[in-house]
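The values are calculated or read from the model by the stated rules, or taken from the named source; none is laboratory data. Note that this is a predicted model, so its numbers are computed, not measured. In this analysis, Cβ positions are derived from the backbone assuming ideal geometry, glycine residues included, and neighbour counts consider all displayed protein chains. For accessibility, only protein heavy atoms count, side chains too; no ligands or nucleic acids. Shrake-Rupley method; radii C 1.70, N 1.55, O 1.52, S 1.80 Å.
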Amino acid sequence: MKLSLRQLQRSQPMVQGSFYLLRRKCGKPNCRCAGGQLHVSWVITRSEQGQDRIYSVPKDQRARLRLLTQEYRRYQRARAVLVKRHGKLLQLVDRIAELRKNPWPPATQKVRN
C-alpha cells in the first residue's frame, strides 16, 4: 500500500496517453508504403469523450513527452492497486491527478483522428 500511495503523491507533471511509433500505409497505390515500407511517426493516443484521438508529436518534444506519458502510466498502475484496496479515496486521488496534468497538445495544433 505504501508504494502505491507514494506513486500517487508524486508531484511530477504528466500527460495522459500512450506514446509510441505509429507505422501505417497512406493508401496511395504507387507509394513506397504499398510495397511494405510503412510511413512512421511518433504519436500520443488517448480517449477523449469516448473517442480515440491520435496526436503527432514534434521531434523536439519527443523526449519530454515520453517521460510525461511514462509518469502517467506510473500513476495509472498505482491507482489500479489503490482501487483494489481502497475505493473510498478515489475521489480525492482523481482531483490530485487533474491538478498534475499538463494540457497537451496546444490549442493551436490540429487534431488527427
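Any residue at all in region 20-35 that's under 18 Å from the mean Cα position of the chain (by Cα), surrounded by 13 or more Cβ atoms within 10 Å (Cβ to Cβ) and modelled with pLDDT of 90 or more? Scanning region 20-35, I find at least one residue that is under 18 Å from the mean Cα position of the chain (by Cα), surrounded by 13 or more Cβ atoms within 10 Å (Cβ to Cβ) and modelled with pLDDT of 90 or more, so the answer is yes.
Of all residues in region 1-18, those satisfying the criterion of being surrounded by 12 or more Cβ atoms within 10 Å (Cβ to Cβ) and in a helix (DSSP H, G or I) are S4, L5, Q7, L8.
Within region 19-39, is there a residue that is within 21 Å of I54 (Cα to Cα), of a type in the set (G, A, S) and either touching a strand residue (DSSP E or B) at 6+ places or on another chain (Cβ under 6 Å) or outside any loop (DSSP other than H, G, I, E, B) (or both)? Looking through region 19-39, none of the residues is within 21 Å of I54 (Cα to Cα), of a type in the set (G, A, S) and either touching a strand residue (DSSP E or B) at 6+ places or on another chain (Cβ under 6 Å) or outside any loop (DSSP other than H, G, I, E, B) (or both).
Among residues of region 20-49 that are in contact (Cβ under 8 Å) with a residue 60 or more places away in the chain, none has a Cβ under 8 angstrom from a residue that is open to solvent by 80 Å² or more (accessible area, probe 1.4 Å) at a sequence gap of 6+ or on a separate chain.
If a residue has to be open to solvent by less than 60 Å² (accessible area, probe 1.4 Å), over 9 Å from the mean Cα position of the chain (by Cα) and under 22 Å from L5 (Cβ atoms) to count, how many in region 38-78 make the cut? Final tally of qualifying residues: 3. Hey, any hits in region 82-102 for a residue that's part of a helix (DSSP H, G or I), open to solvent by 30 Å² or more (accessible area, probe 1.4 Å) and in contact (Cβ under 8 Å) with a residue 24 or more places away in the chain? Yes, region 82-102 contains at least one residue that is part of a helix (DSSP H, G or I), open to solvent by 30 Å² or more (accessible area, probe 1.4 Å) and in contact (Cβ under 8 Å) with a residue 24 or more places away in the chain.
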